[in-house]
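Accompanying notes for the structure given below.
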Amino acid sequence: MARVKMLLVEDDAALAELLVFHFKREDFEVTHTPDGEEALLLARETAPDIVLLDWMVEGISGIEVCRRLRRAAETANVPIIMLTARGEEEDRVRGLETGADDYVTKPFSPRELVARVGAVLRRVRPALAGEALVYADIEMDTVGHKVRRAGEVVALGPTEFRLLKHFLEHPGWVFSRERLLDAVWGHDSDIESRTVDVHIRRLRKAINVGDRPDIIRTVRSAGYSLDTGI
């Protein structure tokens, strides 16, 4: 499988160096620039497979870079993840409405960002993302329909498998029962929302054997999230 070409637009030199290290370790081909204008030139010369774009960069703003990438034919469909310290809902909405596929608020862990990039690639460009989903010590072979935790096989029923797959595709995201019903059971399902709790308990029982930490977090009044808490 060809290496994923990433364009990283980040003017924080220390953070950029850290991200380049982590993504190269995951076999990404990373091109970095701190400048918005240069980012547009680089994207025009060789269209990347994914763009990590800081909101506040040198030259033109990240939000304007995102807007122009979406207008250009060669980059109109390239997935874009925005990185920013601006956590207000209005800013997140503005970034997504401009064309970003995801929005990550600083500070974040490099491991989480690698997982989020993988989730976006699987959703937008599945051929680039391979056939395995990985988060923490959990590995899922979506083709062979197998799950391992810390190298040990985990036996899951079909519903628990689909539920875990959805969480692995969106690590760190919080899903309400209703959203999980739509995603895992389908929009036309007549199943009650509390049924989700039953399958979450079954999934936890299966993957949290022994002394393994529970990585499915219950978020009060909100739902559930796949989250190591690190």
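Points worth noting:
- Amide N proximity, segment 189-211 versus Asp182 label position 7 Å along Cα-to-Cβ, cut-off under 18 Å: 189-197
- Working from label points 7 Å from Cα in the Cα-to-Cβ sense, the Ile191 to His166 distance is 0.8 nm.
- Relative packing of peptides 142-148, 114-120 - highest average C-beta neighbours within 10 Å first: 114-120, 142-148
- Sequence-ordered 3J(HN,Hα) estimates for segment 50-67 from the Karplus curve with 6.51, -1.76 and 1.60 and θ = phi - 60° stand at 7, 10, 9, 10, 6, 5, 10, 10, 5, x, 6, 6, x, 5, 6, 4, 4, 4 Hz, glycine and proline given as x.
- Pairs of Cα atoms nearer than 8 Å and 6+ residues apart set the relative contact order; for segment 8-57 it is 55 percent.
- For the chain, the 222 nm mean residue ellipticity estimated from helices alone, with every DSSP H stretch of n ≥ 4 adding -39500 (n - 2.57) and the total spread over all residues, rounds to -11500 deg cm²/dmol.
- Between helix 158-169 and the chain: long-axis angle, C-alpha atoms, 0 to 90°, nearest 10: 20 degrees
- Working note: Karplus 6.51/-1.76/1.60 with θ = phi - 60° gives segment 144-153 the couplings x, 6, 10, 10, 10, 10, 6, x, 9, 5 Hz, where Gly and Pro are set to x.
- Folded to 0 to 90 degrees: helix 13-25 orientation relative to the chain principal axis, Cα: 50 degrees
- Averaging the sequence gap over all C-alpha pairs within less than 8 Å and six or more residues apart, then dividing by the number of residues, gives the chain a relative contact order of 13 percent.
- Here semi-axes √(5λ) of the Cα gyration tensor in Å was computed from the coordinates, and among (i) 22, 20, 18; (ii) 26, 21, 16; (iii) 33, 19, 16 the match is (iii).
- Take every Cα pair under 8 Å whose residues are at least 6 apart in sequence, average their separation, divide by the length of segment 133-226, and the relative contact order is 28 percent.
- Computed with a 1.4 Å probe over protein heavy atoms only, the accessible surface of the chain comes to 52 Å² per residue.
- Its residue count N fixes a reference of 2.2 N^0.38 Å for segment 4-128, and the Cα radius of gyration divided by that reference is 0.94.
- The distance between label points at Arg148 and Arg217 comes to 2.7 nm (points 7 Å beyond Cα on the Cα→Cβ vector).
- Accessible-area composition of the chain, carbon plus sulfur, in percent [1.4 Å probe]: 48 percent
- With 27 Å as the limit, the listed pairs Lys24/Lys205; Lys5/Lys146; Lys146/Lys205; Lys5/Lys106; Lys106/Lys205 have Lys24/Lys205; Lys5/Lys146; Lys106/Lys205 beyond it between alpha carbons.
The values are calculated or read from the model by the stated rules, or taken from the named source; none is laboratory data. Remember, predicted model here, so these are calculated numbers, not experimental data. Backbone-built Cβ (ideal geometry, glycine too); neighbour counts: all protein chains shown. Please note that ligands, DNA and RNA were not included when accessible areas were found on the heavy atoms of the full protein model with its side chains. Shrake-Rupley method; radii C 1.70, N 1.55, O 1.52, S 1.80 Å.
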